[in-house]
Ligand code: SF4
């Protein structure tokens, strides 16, 4: 028996914890937190501990499947790609490139291939029908930052380790470990805030585990965060508490924000938020008085009808209290693959360069809202979607009105899925191309190191040897790109990888701001020889990045080899102020009151007088779940059923619901029957269902999940409701009725 230890970044959520893997005869036999990891320092959650079980899940696909009538049969890779080529070409020939679409799930953010090969593939499709999980839960933050800073990826994260006060809205890091904020052991870091005399305040309709540990839990009516935040802004201005600190010379639009906030005094929003005016005023003063403080808003603030307004106001409050881009406040990370920039006006941020065909929803960040996907498939006419590629996504469970999408996918002429599971979505696929598992490929977090509360650099080499019959996702995407660009399924893949490298180097050597500007591209290419295709690209990115060696310019700078030599990661220090460097608006200033956002405030003002629905549905998260495929590992689903409807005792009594008994939950678009769990941990007038369940569809191959199917909360969510600025789905505050079943 051969036994080895390997260190690997956990790819299962945004926290990027370091894992220590014990490997015996090619199998991961034990997983522990990597105690020497510079960022996570041994922290691990139940999902990370189950990493080996996820990798070795017997239901995981390792060879391609091709549809054969009502079932799927395993085929070789060449046959699978040949089927894709023949049928893809036929659809494009019949209906044109506008008839094809792509849906990209969030696991793509956890792979190197997702950061390197996905975008070229999507571009190769020649369609504007690109959809992703971003419009399920995070697009409002991108849009708000795009308008504020001119860069939708410039997201300020809470500097938890140095703050004196943190206010969390719609976030439950005790279960999620953070999102759009990479902070391994987020709970421990919150407890450290308290340990050094600071305060943790949670604003949430549910008494979550995070709310329970907080110094103060402020229950709020679902969907009302924008009202609360505007009232905080109102108080900050009215009480003379505004202090932009070092950003004073870098901000425009302050007066406009003050003018808009006049309509939202605490008294005006008290009924809508369920929070007294006195408590709102006190919170504003606490934020202003704390030596450092930060407001952090997450899923609950984004997945609502005023998601972009709430996301914008989070940053506005941080700016007005002098806590934006300041230690202990909200700060902008500088990951190793990013570059420093000479401060200068940029091109700004625009949306709506194209619109969806059926309802005219504007494009945002090159994609359309996933809430319109079903109608784009099932509405006849020119440009109707007839073929789709899904990459690591399960939109039949994760997107609104999923019953309609389920039916729509079944009607397509062709569906191709790059996915390791035959799940509720991929059961509709004609071809499934399963990438090799994440322990067999290198790992670098393009997305999450750029959202980290501390600057770090970590690269994990493959922990397990390659599967001789498997295929790396970068090869799958390169071959699909060969097909969609007309070079064919048999095109030389090495040539495709080389072309990617050549393009990346040419871009850097031709960029006046790059450290290798003007260098000989051939010389640079030679210096990354001997690495895998993904590693070559990563090495160029790291070496030309903020801390890179510039291919010899700075001998102490980072290279991929340095990262390989440091499997526990390299600490690059606490976050540093980055304004004005990060600002890319056309004015070169932070646009605190961007016109498109200001225009949407009228909608919020109008909603002040709209009575809230009597009963609304919100989601919830469990530490053992992130994506639906995690429901196929016994250790992550065993125990008491988790997919229950949380109901407040007062509502249970009023509605005649009994603990443990089934109830029928009905919304405008659908109905489910689910067992009730009566609990005071949810506000009266609010019920809660977790998401990602509903594993009862025929034709899937996820045996453990099928044994505990639960119900799909997105049967209830309404595809007609979106946040108009971002196109984000409204998955919280869904009006529902509940009755005994
Ligand atoms: S918190 Fe996230 S990154 Fe850390 S072990 Fe758990 S799943 Fe993995």
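The values are calculated or read from the model by the stated rules, or taken from the named source; none is laboratory data. Worth saying up front: this structure is predicted, and the values here are computed from it rather than measured. In this analysis, Cβ positions are derived from the backbone assuming ideal geometry, glycine residues included, and neighbour counts consider all displayed protein chains.
For residue 272, are the conditions met, namely being within 30 Å of residue 175 (Cα to Cα) and within 25 Å of the chain's Cα centre (by Cα)? So residue 272 does not fit the description; no. Being surrounded by fewer than 18 Cβ atoms within 10 Å (Cβ to Cβ), over 24 Å from residue 306 (Cα atoms) and in contact (Cβ under 8 Å) with a residue 60 or more places away in the chain is a description that applies to residue 291.
When the criteria are applied in full, residue 8 meets the requirement of being at pLDDT 95 or above and in a strand (DSSP E or B).
Against the test of being away from the ligand (no atom under 16 Å from the Cβ), farther than 29 Å from residue 703 by Cβ and in contact with a helix residue (DSSP H, G or I) (Cβ under 9 Å, 6 or more places away or on another chain), the options 75, 84, 66, 92 yield a single qualifying residue, 92. Pairing each residue of the stretch 182-198 that is on the phi > 0 side of the Ramachandran plot with any residue that is within 16 Å of the ligand (Cβ to nearest atom), provided the two are 6+ apart or on different chains, yields C-beta distances under 7 Å for 185/40; 185/43.
Each residue in the stretch 509-546 was checked for being touching a helix residue (DSSP H, G or I) at 6+ places or on another chain (Cβ under 7 Å) and assigned to a helix (DSSP H, G or I), and 13 of them qualify. Given the criteria in the same structural domain as residue 205 (by TED's automatic domain parsing) and over 30 Å from residue 125 (Cα atoms), does residue 290 qualify? Yes, satisfied. Only one of the listed residues (361, 319) is closer than 27 Å to residue 130 by Cβ and within 25 Å of the chain's Cα centre (by Cα). That residue is 361. Scanning the stretch 30-39 for residues that are in contact with a helix residue (DSSP H, G or I) (Cβ under 9 Å, 6 or more places away or on another chain) and either near the ligand (Cβ under 10 Å from one of its atoms) or within 12 Å of residue 16 (Cβ to Cβ) (or both) returns 31, 33. Checked against the criteria, residue 362 does not count as touching a strand residue (DSSP E or B) at 6+ places or on another chain (Cβ under 8 Å) and surrounded by 20 or more Cβ atoms within 10 Å (Cβ to Cβ).
Just one of the listed residues (463, 439) is more than 18 Å from residue 389 (Cβ to Cβ) and either outside any loop (DSSP other than H, G, I, E, B) or under 24 Å from the mean Cα position of the chain (by Cα) (or both), namely 439. Across the stretch 516-534, what is the total count of residues that are crowded, with 21+ Cβ neighbours inside 10 Å and touching a residue at least 40 places away in the same chain (Cβ under 8 Å)? So the count comes out to 2. Per the conditions (1) more than 16 Å from the ligand (Cβ to nearest atom); (2) touching a strand residue (DSSP E or B) at 6+ places or on another chain (Cβ under 7 Å), the sole criterion not satisfied by residue 58 is (2). Looking only at residues in the stretch 630-642 that are buried (at least 20 other Cβ atoms within 10 Å of the Cβ) and either over 22 Å from the mean Cα position of the chain (by Cα) or within 13 Å of the ligand (Cβ to nearest atom) (or both), the one that is farthest from residue 736 (Cα to Cα) is 633.
I'd like the full set of residues that are over 26 Å from the mean Cα position of the chain (by Cα) and either outside any loop (DSSP other than H, G, I, E, B) or closer than 21 Å to residue 61 by Cβ (or both), limited to the stretch 679-695. Those that are over 26 Å from the mean Cα position of the chain (by Cα) and either outside any loop (DSSP other than H, G, I, E, B) or closer than 21 Å to residue 61 by Cβ (or both): none in the stretch 679-695.
Listed by first and then second residue, the pairs with beta-carbon distance under 6 Å, at least 6 apart or on different chains, first residue in the stretch 613-633 and more than 13 Å from residue 48 (Cα to Cα), second in a helix (DSSP H, G or I) and more than 13 Å from the ligand (Cβ to nearest atom), are 628/397; 631/637; 631/705; 632/704; 632/705. Scanning the stretch 13-27 for residues that are surrounded by 22 or more Cβ atoms within 10 Å (Cβ to Cβ), on the phi < 0 side of the Ramachandran plot and in contact (Cβ under 8 Å) with a residue 40 or more places away in the chain turns up 13, 14, 15, 17, 18, 21. Can you pull out the residues in the stretch 454-475 that are under 16 Å from residue 115 (Cα atoms) and free of Cβ contacts under 8 Å to residues at least 60 places away in the same chain? Once the filter is applied, which keeps residues that are under 16 Å from residue 115 (Cα atoms) and free of Cβ contacts under 8 Å to residues at least 60 places away in the same chain, the stretch 454-475 yields only 475.
So which helices (runs of 4 or more DSSP H) stay within the stretch 104-178 end to end and still have 3 or more residues that are under 22 Å from residue 471 (Cβ atoms)?
112-116, 118-124
Being over 22 Å from the mean Cα position of the chain (by Cα) and part of a helix (DSSP H, G or I) is the filter; apply it to the stretch 399-424 and report the residue that is farthest from residue 93 (Cα to Cα).
403
Just one of the listed residues (427, 487) is over 22 Å from the mean Cα position of the chain (by Cα) and part of a helix (DSSP H, G or I), namely 427. Do we find that residue 107 is within 16 Å of the ligand (Cβ to nearest atom) and within 26 Å of residue 423 (Cα to Cα) in this structure? For residue 107, the condition - within 16 Å of the ligand (Cβ to nearest atom) and within 26 Å of residue 423 (Cα to Cα) - is met.
Please tell me if residue 496 is surrounded by 17 or more Cβ atoms within 10 Å (Cβ to Cβ) and assigned to a helix (DSSP H, G or I). Here the answer is yes, as residue 496 does meet what is asked. Taking the stretch 46-100 and the helices (runs of 4 or more DSSP H) fully enclosed by it, no element has 3 or more residues that are surrounded by 21 or more Cβ atoms within 10 Å (Cβ to Cβ), outside the structural domain of residue 426 (by TED's automatic domain parsing) and without any contact (Cβ under 8 Å) to a residue 24 or more places away in the chain. Within the stretch 180-199, no residue satisfies the criterion of being buried (at least 23 other Cβ atoms within 10 Å of the Cβ) and either at pLDDT below 95 or under 21 Å from residue 279 (Cα atoms) (or both).
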